[in-house]
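The values are calculated or read from the model by the stated rules, or taken from the named source; none is laboratory data. Everything quoted here is computed from the prediction, not taken from an experiment. Every residue, glycine among them, receives a Cβ derived from its backbone with ideal geometry; neighbour counts consider all protein chains shown.
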Amino acid sequence: MGSRLSRRQFVGSTAALSLSALIPRGFASTNSTQKFVVRADSEIGIVKPEFHSHFAEHLGSCVYGGLWVGKKSPIANIEGYRKQAIDYLKELGIPVLRWPGGCFADDYHWRDGIGPVEARPKRVNIHWGGYVEDGSFGTHEFVRLCRLLGAEPYLAGNVGSGSPRELREWVEYCNMPSGSTLAEERAKNGSPEPFRVRYWGVGNENWGCGGDMRAETYARLYRQFSVYLREYGGTKPFLVACGPGGPDRQWTRGFMDSLDERLPDGYSMHYYVGGADQPTGYTADHVSAQLANFKKVEDAIAEQRAMLDGYRDGRKIGLILDEWGVWDKIPQADEQHYGKLWQQSTVRSAVAAGLGLNIFNRLADKLFMCNIAQIVNVLQSLLLTDGPEGQSCVRTTTYYAFALFKPHRSKTAVRVESQDSSPLAVSVSASKAENEIVLSFVNPKHDADVEIDCAFPGSNPKSVKAQILHDTDWNAYNSFDNPDRIAPKIHPVTLDGGRLRLDLPRLSVATVSVAIA
Ligand code: AHR
């Protein structure tokens, strides 16, 4: 959880040093103009669509009342799923969806969520307020949701209060095509077809809510559990081990040193960026403080990657930013009305999302997947509903920031030189395909508009178009009365002698598509 994040800071970005060395001499800045050079031949790696993945936990009104309203609900639904949510999420494209937690995962017993709904046991959600859940949203409902969204399911298994046998049987239940008792049970419950779930989390935050373990204890359990998590019907499980909360070197060192040969396929790091104010009441200083902290996320990813790479075959482990986003001071009244950790998403949140998504492009060679927390009604969500009973469902500013980054998916990230790498400098990333370069610029300053001047040596820009997400009020948001107040708009951009120029207002996110001759 947010309060457990380490406050240690890691100074010195080697990336920053090498970039400034690359800026040509005489490439001086003015107060309002920021210069960039796109090096289209300097490839970083593919922008995996999985960088834009998501997380849904049994927490507040994320699942119950958010994604799942039940078949008999007066709220418009498709087979019990909130129709508006499905429509919006499908339109955006959800590469991977992780479920059922979070902290909830290590207290979830999958058998509680299969079979006839009336017979499912009612359980207390001990982590998120002690309310009783009826288990009506279980494995079948989750996989069906993923199919409706076109998302890959990612199941987080229970290590903290579960057993190797329980998790092993969940894998078999999901993936064994036929013939075994568990496969027959799945068929009897409505799915003769195996679910073919590839991604499996082996615990969650086992240094905290997932059992409060030392790294060495968790490593021993990881080794034990992983022995029993096998391939069925050609679906080889991709096992994700619990990694650090924030930039915790000690956890990674302790875990990796205790593993020997049995390396995980993925390693899950969580990094929330806290905030000092309520979501819609940020002061200027606190906006800057929160946004400047994204530099630490970038440094922590690079550092964790380097640590893994230092182990034999460590390079093969996919680093996953499994939970990320801003975690503000949530008003109690909002939680009571809308659900636990229901957090409004403002212009500031969109800028934070843009900073994160730019980091993923720049570190495309270091990351495997990134899941923002969470998809609906919890923390930095993509959609907000008017509480679990509410008919209204809006796309947040964060949804629209993700929409602006969609054109980067599956393109090749390339390096962009910038003259300023300070934490509140304009953030940039670029990716290329055969005839196009896509750039995203984020201005995290609340008090300075910037003019962007960007060169493309070696490329021949032909035409250019841009979209921007911005509002003059950083506390502004998409309300149920004014749901599209902050949405992407066409933004003026020009090509001047092959250089791109656009005005980037304070606290904005812009994506520019450059057609290349
Ligand atoms: O996303 C909310 C919580 O944050 C998750 O349950 C946990 O993994 C993290 O601490």
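For segment 195-205, the condition of being crowded, with 22+ Cβ neighbours inside 10 Å, touching a Ser or Thr at 6+ places or on another chain (Cβ under 6 Å) and part of a strand (DSSP E or B) holds for none of the residues. When W324 is tested against (1) in contact with a strand residue (DSSP E or B) (Cβ under 6 Å, 6 or more places away or on another chain); (2) farther than 30 Å from P237 by Cβ, only condition (2) is not met. Of all residues in segment 36-53, at least one satisfies being within 16 Å of the ligand (Cβ to nearest atom), within 24 Å of Y400 (Cα to Cα) and modelled with pLDDT of 95 or more. For segment 325-415, the strands (runs of 3 or more DSSP E) that sit wholly inside it and include 2 or more residues that are more than 17 Å from the chain's Cα centre (by Cα) are 393-395. Within the option set W128, W110, being within 16 Å of the ligand (Cβ to nearest atom), aromatic (F, W, Y) and at pLDDT 95 or above holds for one residue only, W128. Look at (1) of a type outside the set (S, T, Y); (2) in contact (Cβ under 8 Å) with a residue 40 or more places away in the chain; (3) within 30 Å of Q332 (Cβ to Cβ); (4) surrounded by fewer than 20 Cβ atoms within 10 Å (Cβ to Cβ) and you find that P279 fails only one, number (4).
Checked against (1) in contact with a Gly (Cβ under 6 Å, 6 or more places away or on another chain); (2) more than 16 Å from the ligand (Cβ to nearest atom); (3) closer than 26 Å to I114 by Cα; (4) not aliphatic (A, V, I, L, M), E216 passes all but condition (3).
The strands (runs of 3 or more DSSP E) found wholly in segment 442-514 and carrying at least 2 residues that are surrounded by 13 or more Cβ atoms within 10 Å (Cβ to Cβ) and in contact with a Lys or Arg (Cβ under 7 Å, 6 or more places away or on another chain) occupy 450-455, 461-470. Within segment 239-265, restricting attention to residues that are surrounded by fewer than 17 Cβ atoms within 10 Å (Cβ to Cβ) and modelled with pLDDT of 95 or more, which residue is nearest to R312 (Cα to Cα)? Of everything passing the filter in segment 239-265, D257 is nearest to R312 (Cα to Cα). Looking across R223, R230, one residue alone is in a loop (DSSP other than H, G, I, E, B) and more than 18 Å from the chain's Cα centre (by Cα). It is R230.
The single condition among (1) over 20 Å from the mean Cα position of the chain (by Cα); (2) surrounded by 16 or more Cβ atoms within 10 Å (Cβ to Cβ) that A105 does not satisfy is (1).
For segment 67-107, the set of residues classified as of a type in the set (D, E, K, R), free of Cβ contacts under 8 Å to residues at least 60 places away in the same chain and away from the ligand (no atom under 16 Å from the Cβ) consists of K71, K72, K83, D87, E91, listed by residue number. In the set (1) out of contact with any Ser or Thr (no Cβ under 7 Å at 6 or more places or on another chain); (2) over 19 Å from G201 (Cβ atoms); (3) away from the ligand (no atom under 16 Å from the Cβ), the condition left unmet by T139 is number (2).
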